[in-house]
1. For segment 160-275, list the strands (runs of 3 or more DSSP E) that sit wholly inside it and hold at least 3 residues that are open to solvent by less than 20 Å² (accessible area, probe 1.4 Å); which are they?
2. Counting only residues that are among the aliphatic types (A, V, I, L, M) and at pLDDT below 95, which one in segment 41-84 is nearest to the chain's Cα centre (by Cα)?
3. For segment 283-296: of the residues being open to solvent by 30 Å² or more (accessible area, probe 1.4 Å) and more than 19 Å from Val33 (Cα to Cα), which is farthest from ligand 1 (Cβ to nearest atom)?
4. Could you list, in sequence order, the residues of segment 297-324 that are within 23 Å of Thr140 (Cβ to Cβ), within 10 Å of ligand 2 (Cβ to nearest atom) and open to solvent by less than 40 Å² (accessible area, probe 1.4 Å)?
5. Output the residue which, of all residues in segment 36-50 that are among the charged types (D, E, K, R) and open to solvent by less than 10 Å² (accessible area, probe 1.4 Å), is farthest from ligand 1 (Cβ to nearest atom).
6. Go through segment 51-75 and report how many residues are within 16 Å of ligand 2 (Cβ to nearest atom) and either of a type in the set (Lys, Arg) or open to solvent by 10 Å² or more (accessible area, probe 1.4 Å) (or both).
7. Going through Ser120, Ser84 one at a time, which residue ends up being open to solvent by 40 Å² or more (accessible area, probe 1.4 Å) and of a type outside the set (D, E, K, R)?
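The values are calculated or read from the model by the stated rules, or taken from the named source; none is laboratory data. For clarity, every value in this text was computed on a predicted model and none was experimentally measured. Virtual Cβ from ideal backbone geometry, glycine too; neighbours counted across all protein chains shown. Side chains included, ligands, DNA and RNA excluded: accessible areas come from the protein's heavy atoms. Shrake-Rupley method; radii C 1.70, N 1.55, O 1.52, S 1.80 Å.
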Amino acid sequence: MKINFTQKATLLLLLLGTASFAQNGRKVFGKNVESINPVNGKIRCVSSEYEKSLQEKYPQRASSQEFENWIAPKVAQVKQQMASARGIDAVVTIPVVVHVIHNGDAVGSNENISDVRVQSQITVLNQDFRKMLGTPGYNTNAVGADVEIQFCLAQRKPDGTATNGINRVQRTPASYASESSVETMKAATQWDPTQYFNIWVVYFSDSSSAEMYGVLGYAQFPSNSGLGGMAPNGGSANTDGVVIDYRCFGTSTLAPSSNYFDDYDKGRTATHEIGHCFGLIHIWGDNGSCTVNATDSAKDFCPDTPAQAEEHYDCTSTYNTCPSAPGNDMTANYMDYTNDTCMNIFTLDQKARILAVLQNSPRRSTLPASLGCQPPSLGTSSFELLERHEPVSESGQPIRNTEHANRKRFA
Ligand code: ZN
Ligand code: CA
């Protein structure tokens, strides 16, 4: 085909543009890092890079397309229930263990963060997932959702003895430079992922040549249930959970400290990463497309998040990177890359996805019935007399004998 000069120039520009977009020179998990904050050099999240590497490592793991095909009818079912007169009307409580990984620092210094700081993170999660009135997690958007999930710090260990849900582990290295060192640590310290949601707080290396340099966190996406001949565990059960750098864990509002990263000091890294664990995709769909269809399959599979062509790094609410599609970019969404203070919304469609994953995905569907948040003294048998989804306070402490609990119990 003969092309003229203008066409040649356009082609060249397109090629150059693509090359500079894809090559910021960084690889994590052996994959090109897709987005780096142009101002501070931080890599907000490497969950999609991690997923690509897992799919290579475990060929039996469902591909993204297979996962979407599996989850779609389940999301549709949840949406039907959400639209019914009663709605979901069932708050689910998820037991959490926070592994604080350190190399011998006193409690409260450096990466061995204080109990108060860990508890402040649980508070943020409950404010955000419950869209709690009067907190930074509240919003008045018509599509803003109370996800009806809350988190509690575990009160019993897998062996049945008492815990405050904070598992301090002294290990080397001091800081984590590579994928293999983090993944080895995860497998060695994880609590039964069918009964506990695992969060690891680590110190990612400050060495600019380290693979994990500048990374704030990453999560393991859910896999399918293994029906239809696919691997039931989707590979790597013993790495399931979320890893977060200690400098963006907890909130400076409730647990002040001098060691937070600027702009990432309000606990939203954990909110974002847990969103991934329950199936959410970045709000721009990790691609530049502006195509809108009924299932939003070109983007994040959530029709109520406006089509957005790229990620954002500040709170500006008037970006419109997909002018052909309705709505400005939703920079307040937890699944964008904006600063912590910009964020305050999960949408109703995101909620439907989260609940569909929670009800059906391995190592998620078993969490709501876990005894992890019952103190050992209650025992299994007496616990079974109680309502399983007891409410917890903002900081994750179970609330007993409340009107709400009684209403649920005897309803
Ligand atoms: Zn992410
Ligand atoms: Ca969308």
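1. 197-202, 217-219, 242-245
2. Per the criteria, the residue is Leu54.
3. Among residues in segment 283-296 that are open to solvent by 30 Å² or more (accessible area, probe 1.4 Å) and more than 19 Å from Val33 (Cα to Cα), the one farthest from ligand 1 (Cβ to nearest atom) is Ala294.
4. Asp300, Cys302, Asp304, Thr305, Pro306, Ala307, Gln308
5. Among residues in segment 36-50 that are among the charged types (D, E, K, R) and open to solvent by less than 10 Å² (accessible area, probe 1.4 Å), the one farthest from ligand 1 (Cβ to nearest atom) is Glu49.
6. The number of residues fulfilling the criteria is 4.
7. Result: Ser84 is the single residue among Ser120, Ser84 that is open to solvent by 40 Å² or more (accessible area, probe 1.4 Å) and of a type outside the set (D, E, K, R).
This table checks each residue for (1) in contact with a Leu (Cβ under 9 Å, 6 or more places away or on another chain); (2) closer than 25 Å to Ser114 by Cβ; (3) within 16 Å of ligand 1 (Cβ to nearest atom).
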site: Gln195; (1), (2), (3): yes, no, no
site: Gly214; (1), (2), (3): no, yes, yes
site: Asn224; (1), (2), (3): no, no, no
site: Asn238; (1), (2), (3): no, no, no
site: Tyr246; (1), (2), (3): no, yes, no
site: Leu254; (1), (2), (3): no, yes, no
site: Tyr260; (1), (2), (3): no, yes, no
